[in-house]
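Bear in mind these aren't lab numbers, they're just calculated from the coordinates by the rules spelled out. Only a predicted model underlies this, so the values are computations on that prediction, with no experimental measurement involved. Neighbour counts are summed over all protein chains in view; Cβ atoms, including those assigned to glycine, are modelled from backbone coordinates with ideal geometry.
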Ligand code: HEM
Ligand code: HEM
């Protein structure tokens with residue numbers, strides 16, 4: 001079965017809207033400044049979610065243990081935390097993008113944008129419910145199943161139309177698989193270093209923030 005729905009995007013949009021509404025309600029409070037209690041907590045929460053985004057999916061991808069849950073669910077969580085974490089960071093900034101911290105925020109935006117491009121390429125390749133790429137044999141089997149169903153004499157017209165459209169859609173996707181696979185590989189080589197650069201900036205910003213707030217200076 002081919003994966004189509006994207007509940008993680010809806011959940012992320014809902015969570016971000018709820019956080020933004022709560023923030024708008026609190027916005028007049030002085031504690032929303034990046035170094036004050038609310039702003040600071042948003043920075044820490046967003047940073048933890050981003051760290052999980054970076055590490056969780058990569059670890060699962062390299063683990064062969066099925067009991068860790070299906071890859072598809074991990075990617076959904078990756079995308080959810082990869083949107084919600086940066087959104088909390090945006091609220092943490094108080095819309096001040098100056099200096100190193102400002103460059104860090106820009107790097108976060110670049111990584112998230114890159115994530116959306118990756119998601120487009122990733123979902124362009126037909127996959128099983130578990131998130132594994134369908135092999136050419138499996139794809140040919142799917143097309144054969146549809147053809148067999150279409151060949152049935154007593155097939156209702158509505159279903160025939162639906163299946164014909166589904167077949168055309170699947171065939172179009174199958175044709176694009178080699179190009180999408182190449183683009184996804186290329187995307188990986190860009191996205192991963194972008195993430196490393198972003199975390200280098202983020203850790204530097206956090207180290208400076210701790211240095212100053214702990215009064216070590
Ligand atoms: C990727 C993660 C983060 C980004 C992109 C980010 C970005 C920013 C930005 C744009 C500002 C405003 C700069 C200014 O006021 O001049 C700021 C301020 C601040 N951030 Fe972060 N931040 C992140 C994570 C964190 C974390 C995890 C902490 C806590 C340990 C933190 C602590 C602070 C503090 C204390 C300030 C206030 C600095 C001041 O008022 O001079 N940030 N951050
Ligand atoms: C804080 C933000 C994010 C970080 C740090 C991050 C980091 C990463 C890393 C390190 C990988 C490579 C995993 C691996 O192959 O081991 C990856 C893959 C991926 N990410 Fe993100 N990501 C972020 C946000 C997003 C967002 C917002 C989306 C989608 C809207 C997304 C979609 C993807 C996809 C589709 C893959 C490829 C999955 C695969 O080929 O197995 N990411 N991400």
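Between rounded, prolate and oblate, where does the range 1-50 land on the alpha carbon gyration tensor, with a ≥ b ≥ c its root eigenvalues, rounded for a/c under 1.5, else prolate if a/b exceeds b/c? Intermediate results must be reported in sequence, preceding the final value.
Numbers: a/c = 6.95, a/b = 2.20, b/c = 3.16.
Here the range 1-50 falls in the oblate category.
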### Task
Could you sort 148-155, 86-93 so that the peptide with the highest average Cβ count within 10 Å comes first and the rest follow in order?
86-93, 148-155
### Message
Can I get the semi-axes of the range 67-169's equivalent ellipsoid? Compute them from the C-alpha gyration tensor as square roots of 5 times the eigenvalues, in angstrom, largest first.
### Response
44, 15, 12
### Task
May I ask you to derive the FRET efficiency for residue 41 and residue 153 from their Cβ-Cβ distance with R0 = 41 Å, giving the value to the nearest 0.05?
0.05
## Note on the structure
On the formula 1/(1 + (r/R0)^6), with r taken between the Cβ atoms of residue 146 and residue 13 and R0 of 30 Å, the FRET efficiency rounded to 0.05 is 0.35
### Task
Measure nothing fancy, just the Cα-based angle from helix 7-26's long axis to the longest principal axis of the chain, in degrees from 0 to 90, nearest 10.
20
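Starting from 0.36 nm per residue, how many nanometres of slack lie between residue 33 and residue 94 once their C-alpha separation is accounted for? Before the final figure, lay out each step's value.
Working: separation 61, 0.36 × 61 = 21.96 nm, distance 0.60 nm.
Full extension from residue 33 to residue 94 adds 21.4 nm.
If contacts are Cα pairs under 8 angstrom and at least 6 residues apart, what is the relative contact order of the chain in percent?
Details: 184 pairs, mean separation 52.3, N = 217.
Worked out over the chain, it gives 24 percent.
Kindly rank 73-83, 25-35 from highest to lowest mean number of other beta carbons found within 10 Å of each residue. Provide the component values of the computation, followed by the final result.
Numbers: 73-83: 20.4, 25-35: 12.4.
Per-residue Cβ counts within 10 Å, averaged per peptide and sorted highest first, yield 73-83, 25-35.
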#### Entry: Whole-number D in µm²/s for the chain (Stokes-Einstein; Kirkwood sum over Cα pairs; 25 °C, 0.890 mPa s)
122
### Summary
Relative to the chain, whose Cα atoms define the longest principal axis, helix 136-150 and its Cα axis are tilted in degrees, nearest 10, by 50
### Query
Pairing the Cα long axis of helix 37-62 with the longest principal axis of the chain, what angle in degrees results, from 0 to 90 and rounded to the nearest 10?
40
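Given R₀ = 22 Å, FRET efficiency for residue 179-residue 61 by Cβ-Cβ distance, to 0.05?
Working: r = 23 Å, r/R0 = 1.03.
Calculated value: 0.45.
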